Amino acid sequence: MAKISKIRLLIQASFTAISNGYIKGFAHGKIYTGDLKYLCVPGLNCYSCPGALGSCPIGSLQATLSSREYKISLYVIGFLVVFGTLLGRLVCGFLCPFGLLQDLLFKIPFFKKIRKLPGENFLRWFRYFILLVFVILLPLFVVDITGLGEPWFCKYICPAGTLEGGIPLVILNKSLRSAVGFLFKWKVIILLVTVIASIILYRPFCRYICPLGAVYGVFNKVSFFRYKIDSQKCTSCGRCEETCKLNIKVYKNPNSLDCIRCGECKAHCPQKAILIK
């Protein structure tokens, strides 16, 4: 394993442990409701995880969009803009617990790994559809008679919420086990599909589904942390693309919307032509 991979894995594991450090929650099957829950963490980390000390930005955004009182939260928007401007999708590569899970799943040996799916270029835009429709439009405009909407992405799609919140709470609470219905089973199916896909294909949820990655990706070209190609050194050998598990032509598009800043391309460039700005 390359040095950058070990460092990244250590940072991912440490941040996951810190952001989900409420041990008492796992012991008693209850979520933390203290003052820290008013703050967002940068990665996709479920509010309902028994150990979660902060809130997921997507969950927080949906909670305000679907409420009668707010409809928009300047705090959540500002939070996303600040982290996007500073780091871009480096958040996905280093600070996202669900990204860590996908990285670990991909390390499981399998007789044939897939580098990309058919229609890859089209599928990569699907996460922006998820962001627009399930995170923003449906919570805003599909409301009940009281004017309240639903957190559509969190409730019907997000596998991170199922893994971190739904399954632990159902296991730890007998009353919840007796109330499990179709929705929970549907979410478990989505999680299982995501887990299996993550063993075969590198970070399928990040590539095609994650609305948080879609937001941060927009900032990749303008964030303070970004890549630059030294044209005097680069020979367009393609080694960076071969190394990149997301199949990005780094020498042509170093700040792609898809790049999670894992650093593998930079570490393996034979000409040392990939620089950090």
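Assorted remarks:
- Any hit, region 36-47, residues being open to solvent by 70 Å² or more (accessible area, probe 1.4 Å) and among the hydrophobic types (A, V, I, L, M, F, W, C): yes
- Exclusive hit being modelled with pLDDT of 95 or more and more than 22 Å from Cys262 (Cα to Cα), set Pro151, Pro159, Pro97, Pro139: Pro159
- Out of Lys249, Lys174, Lys228, sole residue that is of a type outside the set (A, V, I, L, M, F, W, C), touching a strand residue (DSSP E or B) at 6+ places or on another chain (Cβ under 7 Å), open to solvent by 80 Å² or more (accessible area, probe 1.4 Å) and on the phi < 0 side of the Ramachandran plot: Lys228
- Residues located in region 252-266, provided they are of a type outside the set (S, T, N, Q) and either surrounded by fewer than 16 Cβ atoms within 10 Å (Cβ to Cβ) or part of a loop (DSSP other than H, G, I, E, B) (or both): Lys252, Pro254, Leu257, Asp258, Cys259, Ile260, Arg261, Cys262, Gly263
- Of all residues in region 36-48, those satisfying the criterion of being within 16 Å of Phe153 (Cα to Cα) and among the hydrophobic types (A, V, I, L, M, F, W, C) are Leu44, Cys46.
- Region 56-79, subset of a type in the set (A, V, I, L, M) and surrounded by fewer than 20 Cβ atoms within 10 Å (Cβ to Cβ), residue farthest from Thr162 (Cα to Cα): Leu74
- The single residue among Leu53, Leu10 that is open to solvent by 30 Å² or more (accessible area, probe 1.4 Å) and not in a loop (DSSP other than H, G, I, E, B) turns out to be Leu10.
- Odd one out for Tyr202 among (1) closer than 24 Å to Pro139 by Cβ; (2) in contact with a helix residue (DSSP H, G or I) (Cβ under 9 Å, 6 or more places away or on another chain): (1)
- Some residue of region 146-156 being over 17 Å from Phe182 (Cα atoms) and without any contact (Cβ under 8 Å) to a residue 24 or more places away in the chain: no
- Some residue of region 111-121 being open to solvent by less than 50 Å² (accessible area, probe 1.4 Å), in contact (Cβ under 8 Å) with a residue 24 or more places away in the chain and within 19 Å of the chain's Cα centre (by Cα): yes
- Test: Ala27 is in contact (Cβ under 8 Å) with a residue 40 or more places away in the chain and surrounded by fewer than 15 Cβ atoms within 10 Å (Cβ to Cβ): no
- Flag for Tyr156 being out of contact with any helix residue (DSSP H, G or I) (no Cβ under 6 Å at 6 or more places or on another chain) and either among the aromatic types (Phe, Trp, Tyr) or surrounded by 14 or more Cβ atoms within 10 Å (Cβ to Cβ) (or both): yes
Yes/no per residue for (1) within 23 Å of Leu80 (Cα to Cα); (2) free of Cβ contacts under 8 Å to residues at least 12 places away in the same chain; (3) open to solvent by less than 40 Å² (accessible area, probe 1.4 Å); (4) hydrophobic (A, V, I, L, M, F, W, C):
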{"residue": "Ala160", "(1), (2), (3), (4)": "yes, no, yes, yes"}
{"residue": "Leu163", "(1), (2), (3), (4)": "no, no, no, yes"}
{"residue": "Gly166", "(1), (2), (3), (4)": "no, no, yes, no"}
{"residue": "Lys185", "(1), (2), (3), (4)": "no, yes, no, no"}
{"residue": "Ile196", "(1), (2), (3), (4)": "no, yes, no, yes"}
{"residue": "Cys210", "(1), (2), (3), (4)": "yes, no, yes, yes"}
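- Checking Gly25 against (1) modelled with pLDDT of 95 or more; (2) of a type outside the set (D, E, K, R); (3) in contact with a Phe, Trp or Tyr (Cβ under 8 Å, 6 or more places away or on another chain), the condition it does not meet: (1)
- Of all the listed residues (Ala160, Ala197, Ala214, Ala179), the sole one being farther than 30 Å from Asn121 by Cα and among the hydrophobic types (A, V, I, L, M, F, W, C) is Ala179.
- Complete set of residues in region 209-234 that are of a type in the set (Ser, Thr, Tyr), modelled with pLDDT of 95 or more and part of a loop (DSSP other than H, G, I, E, B): Ser223
The values are calculated or read from the model by the stated rules, or taken from the named source; none is laboratory data. Since this is a predicted model, take the numbers as computed values, not measurements. Glycine gets a Cβ as well: all are built from the backbone with ideal geometry, and neighbour counts include every protein chain shown. Note: areas computed on protein heavy atoms with side chains; ligands, DNA, RNA excluded. Shrake-Rupley method; radii C 1.70, N 1.55, O 1.52, S 1.80 Å.
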